[in-house]
Amino acid sequence: ASAQIGVTGLAVMGRNLARNFARNGYTVAVHNRTAAKTRALVEEFGHEGEFVGAETAEDFVAALERPRRLVVMVKAGEPTDAVIKEFAPLLEPGDMIVDGGNAHFADTRRRERELREQGIHFVGTGVSGGEEGALNGPSIMPGGSKESYEALGPMLEKISAKAADGSPCTAHIGPDGAGHFVKMVHNGIEYADMQLIAEAYQLLRDVAGYSPAEIADIFRTWNTGRLDSYLIEITAEVLAHVDAATGEPFVDVVQDQAEQKGTGRWTVQIALDLGVPVSGIAEAVFARAVSGHKDLRDASRGLAGPKAQPLGKEEASAFADQVEQALYASKIVSYTQGFHEIAAGSDAYDWNVDLGQVASIWRGGCIIRAAFLDRIRAAYDARADLPSLLADEGFAREIGEAQDDWRAVLVAATLQGVPAPGFAAALAYYDALRADRLPAALTQGQRDYFGAHTYRRTDREGSFHTLWGGDRSEVGA
Ligand code: NBP
């Protein structure tokens, strides 16, 4: 036994993660169901570090130092269970199975419980950054026991991305499914970020009349300011790209139907279960769904819309500044909602997740890495029990300063018939939270009328019911 860590599942993610460990000086045992991939990895990348190629599960396990650290990078779902079933009987108490796939946190909780009985630590771990991140430094979100982090954490800290201040983009998130839960919300926020950027693009194009190349330049400028982020950066690259075959902007030759793999949908499903309003993330998931319904869209093309009134040059430039404000304000709301969901999950499952630390380890390596995350971390550093990001003085001030422009952008979008569901949902959330009174009082009245569901009063304790079908007197419930 000479390997400090093993990776099984050598598709793009597993292969690059194995190489990352090896490049950082660890001896890495590698294994794949189809052994040809194992041999190919050792042949092609053997010069990068120490690999021990294993063709069988037994050889793989025998190659690992104790306590064994076995990283599983296979397709999430049944394949993960199949791999656990194959390896668990070969392991001993104290060993660790690290699932780096995009598992549902409920599956992770089940697997952790089952393996705990055997004394095996199951470490459900979110890994973000795609194949490039896996190789050069991802953001890593490990759940599982504290003991497992003691044995594994230093290695993860070594291979992870580093934030600008040099700190590693990984930390122990919390017990059992906490890591995969946080990775799920990361992806939900990623959906929302992408949708908001897409809406900004469409408004700049259809309302302000800019070309994709001009919009690329606008995004490049934004990327030097408070919106500085990986997603804004790559958006400018994509918009500036010209299709070689047609000479048209690349964005005009790609079919406008967005696909998804499911983590955004999970974020919304779980938020519904927890009763957390993640309306911005939900709109992002639904916007992809709308785009994919080609028949429905084709059948709707004749529906009436407003007369478009393109802006003049000077107006366009002023509008672009307003769109930046709307995008930034909406982004604050998405993160507010995402962090609320993490806090709610942490409460529901007793994970004790450190929200500032989550923001901190998202600063590098992952898809939503952004200068903005430093601000979120600072907000939670200043007040660990911050009830909402909007309760932070700095964010409250900025969103307050942005709100006039944010509203103006939505007015323009509405009048010109350009859909901006992410911006609109974010603003509605903001206005709902600020409101003195919500129409929920009326909702309660309706519920009491048709279902005797009772209501509480503003002036007295207790539950009440009005005899709607009778003399309309009020009775205590
Ligand atoms: P895939 O998700 O495409 O999985 C392919 C791997 O799973 C291969 O090694 C394959 O072995 C193995 N596998 C399958 Br499929 N069924 C198996 C079974 N029953 N028993 C054993 N092995 C089995 O690979 P990936 O794109 O590298 O992603 C790996 C994990 O990382 C996934 O959970 C993914 O969601 C997650 N992830 C991916 C990204 C990304 O950017 N791609 C980012 C973050 C997380 P074979 O070679 O024998 O077929």
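Things worth noting here:
- Hits in the stretch 92-136 (condition: of a type in the set (A, V, I, L, M), surrounded by 24 or more Cβ atoms within 10 Å (Cβ to Cβ), away from the ligand (no atom under 11 Å from the Cβ) and under 20 Å from the mean Cα position of the chain (by Cα)): VAL123
- Search result, residues across the stretch 358-380 that are under 15 Å from SER160 (Cα atoms) and open to solvent by 20 Å² or more (accessible area, probe 1.4 Å): ARG363, ILE367, ARG369
- Checking each residue of the stretch 157-170 against the condition of being assigned to a helix (DSSP H, G or I), within 18 Å of LYS75 (Cα to Cα) and either under 20 Å from the mean Cα position of the chain (by Cα) or within 16 Å of the ligand (Cβ to nearest atom) (or both) gives no match.
- Among (1) closer than 30 Å to LEU203 by Cα; (2) open to solvent by 50 Å² or more (accessible area, probe 1.4 Å) - the single one TYR349 does not satisfy: (1)
- Hits in the stretch 149-160 (condition: of a type outside the set (Asp, Glu), surrounded by fewer than 24 Cβ atoms within 10 Å (Cβ to Cβ) and free of Cβ contacts under 8 Å to residues at least 60 places away in the same chain): TYR149, GLY153, PRO154
- Per-region count, the stretch 271-290, residues over 16 Å from ALA428 (Cβ atoms) and open to solvent by 20 Å² or more (accessible area, probe 1.4 Å): 7
- 2 or more residues within 25 Å of THR108 (Cα to Cα), open to solvent by 20 Å² or more (accessible area, probe 1.4 Å) and within 11 Å of the ligand (Cβ to nearest atom): qualifying strands (runs of 3 or more DSSP E) within the stretch 1-90: none
- Residues of the stretch 161-189 satisfying the condition of being at pLDDT below 95 and either among the aromatic types (Phe, Trp, Tyr) or open to solvent by less than 10 Å² (accessible area, probe 1.4 Å) (or both): none
- Residue match in the stretch 311-328 (condition: outside any helix (DSSP H, G or I), at pLDDT below 95 and more than 16 Å from the ligand (Cβ to nearest atom)): yes
- Criterion (modelled with pLDDT of 95 or more, over 24 Å from the mean Cα position of the chain (by Cα) and not in a loop (DSSP other than H, G, I, E, B)) met by exactly one of ALA299, ALA287, ALA378: ALA299
The values are calculated or read from the model by the stated rules, or taken from the named source; none is laboratory data. Since the model is a prediction, treat every value here as computed from it, not as a measurement. Please note: Cβ atoms are built from the backbone with ideal geometry, for glycine as well, and neighbour counts cover all protein chains shown. When the accessible area is computed, the model is the full protein with side chains, heavy atoms only, and any ligands, DNA or RNA have been set aside. Shrake-Rupley method; radii C 1.70, N 1.55, O 1.52, S 1.80 Å.
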